[in-house]
Structure formats: C-alpha cells, structure tokens
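See structure below.
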Amino acid sequence: MLNGLVILTSIVTSLHTYWPREYDKTYLNDEVSTLIKSTSLKTLADSIPFYIGVATSPNSEYEELISTEFNSLVAENHFKPGSLLKDANNWEFDFSDADRIVQFAQKNDMRLRGHTLIWGKYPGMTHPVEWIDQVKKSADPEIEMKAIISQYIKIVMGHFKGKVVSWDVVNEPMGSKGLYSCIFTEAMGEEYIEYAFREAHKVDPDCALYLNEQIVNYSSTQAKEFLNLLTRLVAKEVPIHGVGLQSHHINHIHDLDGMKKYIRSIAELGLDVEITELDMRLLLFGNENDPYNAQGDQYKNVVQICIADPACKGVTLWGLTDKSNWMDAIPPFKWKSPNSPNIFDEEMKRKPAYIGIWKALNGQSQQ
Ligand code: 9MR
C-alpha cells in the first residue's frame, strides 16, 4: 500500500515536472516598430563598435538573415575535433564543412571565432578516444600528450590562419571545485592549459587566444577557482588574451550583478571578455507573468552589462531560432520543454529576446 503510494507520487511528480508547458506569445500582438525592422543588430553593433555574433552550421538556411543581423560568426560544431578529425590514428582531417563557414564569413565580412581546440570533458565527443589510448600506452604520458596537443593545434590553427582571428584554445577546463579531471590533466596537470596557449601563440601570433568556460554562479567555488587559474596564467605571462563566458542559462537565471563584477575582475587582470554562447531556456522564466518578456529582459540585461564594460568586446548567441536548437536535441533538456532559448521563434518572428538585444545595442535599454 505504502509502496503503491510512493510510486504514484513519483509518477505524478515526474509528470508534473516533465509535462510540456506552453506560454502565451503575447509579443505576437504587438507590431514590431519600423525602426526595429529596418535597423539590424549588426548595424547597431557596428556603430558602437561591438561584436554581435551567432553560432551556425555550414549552408544554414538562414544565411541571408545571419549576414544581415550579425557581424561575427562561430561554428556551433564544425570546428571541433570530432568534426574535423576523420581518422585520429593517421591524423586525417576533413576541413570541407568548416571551410564553407569560412567562405560565408569572408563573403559577408564577418569576424570568425574558432571553437574549440582542446576540450577534455567528454571523451570520444570533445576529443578522440584514440588520443586516450595513445597517451595511456605511452612510456611518458606527458611527452605524448604534449606531442598530440602541439600537432593538433599546428594543423588546425595552421589551416585557419589569417581567417579565424580568435580561438577558444581550451574549453571548459573547470569542474565544480577546481580543474575538471580529464585525459589532459591526468597527463600534464594544470600545465596542459598553459602549454596549449603557448603552442597556439607560436602558430598564429596575431590570433586572440581565449579560455572559454560556462559559469552559472559567480560566487561559486568554480568561479573563484577559475579566476585563480586566470591569475596564475597571467602571472606566468602565458599568451592568453581573453575569457569567454559561455552564459548558457540552462537550470538557473544568472545573477546579473555577479556577472558584472566578474567581468570587471577578469578585466582587471588585463584580459578581454566575450559572452560566447548566450542562450536561455524559456521555462526558467515560467513563473513570471509573461515568460517571453522576462526572457527578453534577461537578454537585454546581459548584453547591456557586456557593452557597459570596455573589456567586454562582444556577445555571441548559441543559435538563432527556436525551430532548431541544441537543447531540444540533448537529454535531459529535451525532456523538459519549452526550451525556446533563442531570439527568433519557430516561425522566425522576432521575440522579446531580439527586441531586448536591439534595445541594449541601441542604448535604449532604460526606456
Ligand atoms: O550546441 C552543441 C551541440 O550541438 C553539440 O552536440 C555539443 C557537443 O559537441 O556541443 C554543443 O555546444 C556546446 C559548446 O561547444 C560548448 N559549451 C556548451 C555548448 C552546449 O552544450
């Protein structure tokens, strides 16, 4: 009897948690002003100047819109080892998809960020499993790991030299209490980060080199440890030029004051900052009167915070339209909807998120 009650309660709780919500699209009732329609995000950003960018795939069906609205571009997936490296044992690459993105960026005079070279988090996805075997089997894992990092960076950065002006050299090095333990830390400890940056700088001394991280809570141990790591890198004169704050709003709405102060702390180390992967799950705003508007306000505020700090050079959105986004494809996010994290809706209508960014760029955010 008691067991039955427990099972029933957990079924009801799960249904309640995972049952898709729907929120009123009240923004569809408001006519978007002619000024907003006729002045793109890119036009406003160019005049600041500021980078407003988006993550994309090759041959996107939205190329025209992307080239109108954005002055900066990043490949969502096609510059990652899993996409470029076709045979890790023989160092065989296929750059054709990535090169399509390069051509699109060049044709439209867009800045191109590279994402990402070294990423230790998910073996087999963010770096090839062959590397793990190679390092584990070798007599000296540190030397072997250095050789792999060096060769990979030489080939990939070398290929894009002069075309990609800013690279995420290392992605998501942090765990919740300190460095995330992965094949790179196992072989080299913290030094893998410094080593990757020095190798990258040798290949392309003109390229801006970034350390990219997802921070949710700016008062957390993770955030403090990340700042300590940056401080050590700067003290050692590692050629690091900037920090990417991904800013995915996945399970929490980020604290804006914390973000503002954190950007300043990074700036005080002499580093640039970019918001590199901005998106926000709509259901985080589900308790607000108008979730779409609340999402729009948060977009506006984040962009405004970045513009207000001279060290913060730009904001890149991790996707364009709610019609297709990574959260709807990856568990557990896909199980709990609506994600609707982007600035255009499924019908390519401008959401309050778009208007929010527009206002922040236009300096009208107080209105
Ligand atoms: O959006 C990306 C998704 O399509 C990929 O399956 C996934 C794994 O490569 O990466 C996603 O992008 C991630 C980015 O590269 C790093 N920060 C977190 C992003 C969202 O998971």
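The values are calculated or read from the model by the stated rules, or taken from the named source; none is laboratory data. None of these values were measured; they are calculated from a predicted model. So basically every Cβ, Gly included, is an ideal-geometry build from the backbone, and we count neighbours across all protein chains shown. Ligands, DNA and RNA are stripped out before the accessible areas are found, and what is left, the full protein with its side chains, is counted by its heavy atoms. Shrake-Rupley method; radii C 1.70, N 1.55, O 1.52, S 1.80 Å.
Observations on the structure shown:
- Candidate set: region 230-256, residues that are within 20 Å of the chain's Cα centre (by Cα) and more than 28 Å from SER337 (Cα to Cα); chosen: the one surrounded by the fewest Cβ atoms within 10 Å (Cβ to Cβ): HIS241
- ALA294 assigned to a helix (DSSP H, G or I), open to solvent by less than 30 Å² (accessible area, probe 1.4 Å) and without any contact (Cβ under 8 Å) to a residue 24 or more places away in the chain: yes
- Qualifying residue in region 342-365 (condition: open to solvent by 20 Å² or more (accessible area, probe 1.4 Å), part of a helix (DSSP H, G or I) and more than 16 Å from the ligand (Cβ to nearest atom)): yes
- Checked against the criteria, TRP131 counts as more than 30 Å from THR321 (Cα to Cα), open to solvent by less than 40 Å² (accessible area, probe 1.4 Å) and among the aromatic types (Phe, Trp, Tyr).
- Residues satisfying the stated conditions in region 201-231, i.e. within 16 Å of the ligand (Cβ to nearest atom), under 21 Å from VAL315 (Cα atoms) and free of Cβ contacts under 8 Å to residues at least 60 places away in the same chain: LEU211, GLU213, ILE215, VAL216, PHE226
- Criterion (free of Cβ contacts under 8 Å to residues at least 60 places away in the same chain, open to solvent by less than 60 Å² (accessible area, probe 1.4 Å) and outside any helix (DSSP H, G or I)) met by exactly one of LEU112, LEU117: LEU112
- Of the criteria (1) open to solvent by 40 Å² or more (accessible area, probe 1.4 Å); (2) touching a residue at least 12 places away in the same chain (Cβ under 8 Å), which one SER10 fails: (2)
- Residue match in region 298-309 (condition: out of contact with any Pro (no Cβ under 8 Å at 6 or more places or on another chain) and part of a loop (DSSP other than H, G, I, E, B)): yes
- Residue within region 87-98 that is over 22 Å from ALA208 (Cβ atoms) and buried (at least 21 other Cβ atoms within 10 Å of the Cβ) present: no
- Any hit, region 84-95, residues being within 21 Å of GLU277 (Cβ to Cβ) and in contact (Cβ under 8 Å) with a residue 40 or more places away in the chain: yes
- Qualifying residues in region 166-200 (those that are under 17 Å from ARG232 (Cα atoms), touching a helix residue (DSSP H, G or I) at 6+ places or on another chain (Cβ under 7 Å) and among the aromatic types (Phe, Trp, Tyr)) - the one nearest to the ligand (Cβ to nearest atom): TYR192
- Count of residues meeting criterion [within 15 Å of the ligand (Cβ to nearest atom) and outside any helix (DSSP H, G or I)] in region 316-341: 16
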